[in-house]
Amino acid sequence: MSTSTLNTIKSRINSLLFIEKLQNPLGYILLGLLALVIAFAISVLKIKLGIVLFAGIIGIPMLAACFVNTRLGINVILVSCFFVQFIGKYTAAPIGTLLDALIFLMIFGILVNQVKSRDWSFMKNPISVILLIWIAYNFIQVLNPAAASKLAWVYTVRSMAGQSLLFFIGCYAFTSLKAIKTVIKVIIIMVTILALYGLKQEFIGFTATEMAWLRADPERFQLIFQWSRMRVFSFLSDPTTLGIVMAYTSLFCLTLMTGPFKRWQRFSLGLAAILMLMTMAYAGSRTPIVLFPFGIVVFIMLTLKKEFILGGAFFFLLGLAFVMKGSSNAVIFRIQSAFRPSASSDTMDVRFKNQKMIQPFIHRHPFGAGLGSTGLWGRRFTPDSFLAKFAHDSGFVRVAVELGWIGLIIYMSFLFLILKTSIKYYFRVKDPQIKVIYLGLTIVFFVLTLASYPQEAIVQLPTSIIFSIMLAVMVRLKEHDAHYQEHYEEN
């Protein structure tokens, strides 16, 4: 075979594989053969081995792609985080650990790239500084002499600090407005799917596996079966987490509806918001129901437009009439009870008494009792301890108990800086689309900060992932506004 023939063959192979990227008849043939091989292997092997084979064939190339393409990796993590708890109802596979491993793999990929480029400008912002302090404080808690279990620290540091590393990945990846808009679309689409599955549970019913999962724990069943009806939880672990996700995302969608987007986009946002609000109602948790009008108040205070003030006044008058009207419907009664002090006074009294009781302990332990000393991990690793039986019922109280009042100061400073920065960017940018996105982000941050008092809102999946991604969006979005770059660019 002549040299010219070999060069022609090589050129053709290079074109098929790397230029056309197998988007040609050869690619379709290879893909079909691969599908046949996988189907045959799964039919011959045992089901578990077949699943492992399938996961390897799909997972290894996906990991490699996420390693070199951070935008793809962020979207893979974002989609996956919605199904971690859903898959956990069907298998004991460590899906959450794999999610954390992917985050660390992408961090490693960024470090490898930085060896060559040495461009750390994406980290030059106040949020990065205080977040690094927060992460470092959580990691040095492994040395806390008051901690009764190192294993509890291992399991807890992932949600408290490890997943926050996604913020830096987002700051590195969101170099274009298109990338930011894409990740916002993915968030809205995934939460809409979450809402649709919740409505499926309400109107069609739960699967046999979901019912078995509910009945496996009497306390869990008691939490979800109330007022002679099952509260929906969709793909997540509990109705409260679902309701909080629905509350802040519906507010985000309604805020974007006021922006200069195409008519079909605003219609889609409105439809998604309606589905989310319906799911929030059927989840039946009081906290999200209170969060929604709070978000409306923040929206009105930031915009101060006459039409929004009048619309808000009309909304609250309707809400007042709705709360005062009697009803025998369990869903409606649950919504009304969120705004009737007498209906929730017993619950709040218990929480206030618990907080009063734990205050002396917090004062005596400036560094806290160690990560994982309360809640689920406390009951698992130190079941005989006083804190394992303590119901903190609050993200702030948990931080104060596990990380001490020093940790609480760092955490509150972190949240304050987020709100301050988001409001600053909202008022400084001029591009109408960017401005309305900042308005939506600011409302989400306010709502999640408020939700952290009665619930552990921010550290629960998928909110922990969404929160970190939205933080990165907040930091990078201003760079795509010409007015901000001209007048306020930070050197």
### Task
Quote to one decimal, in nm, the extra length available between Q114 and S176 on full extension: 0.36 nm per residue of separation minus the C-alpha distance between them.
20.4 nm
### Stokes-Einstein translational diffusion, segment 187-299 - Kirkwood Rh over all Cα pairs, 0.890 mPa s, 25 °C, in µm²/s
168
### Estimated inter-spin distance, K356 and I87, nm [label 7 Å along Cα→Cβ]
4.7
### Message
Taking 8 Å as the Cα distance limit and 6 or more residues as the minimum spacing, I'd like the relative contact order of segment 121-487 as a percentage.
### Response
25
### Query
To the nearest 20 debye, what charge dipole does segment 63-170 have about its Cα centre, counting +1 at the Cβ of each Lys and Arg and -1 at the Cβ of each Asp and Glu?
80
### Task
Give me the aspartates and glutamates in straight-line cross-link reach of K353: C-alpha distance below 15 Å, same-chain residues under 8 apart excluded.
D393
### Query
Where a ≥ b ≥ c are the square roots of the eigenvalues of the C-alpha gyration tensor, would you call segment 121-487 rounded, which needs a/c under 1.5, or, failing that, prolate if a/b is larger than b/c, or oblate?
oblate
### Query
Which pairs break 23 Å Cα to Cα here: K181/K478; K89/K181; K185/K435?
K89/K181
### log₁₀ of I(q)/I(0) at q = 0.13, 0.18 Å⁻¹ - segment 379-490, Debye sum with one point per alpha carbon
-0.59, -0.92
### Task
Just rank E456, E486, fewest to most, by other beta-carbon atoms within 10 angstrom.
E486, E456
### Task
Order the peptides 216-226, 184-194 from the highest to the lowest mean number of other Cβ atoms within 10 Å of their residues.
184-194, 216-226
### Task
Under a cut-off of 19 Å between alpha-carbon atoms, report the aspartates and glutamates in cross-link reach of K178, not counting same-chain residues fewer than 8 places apart.
D431, E479, D481
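Bear in mind that the values in this text are calculations on the coordinates, not laboratory data. None of these values were measured; they are calculated from a predicted model. Using ideal geometry, Cβ is built from the backbone for each residue, glycine included, and neighbour counts are taken over all protein chains shown.
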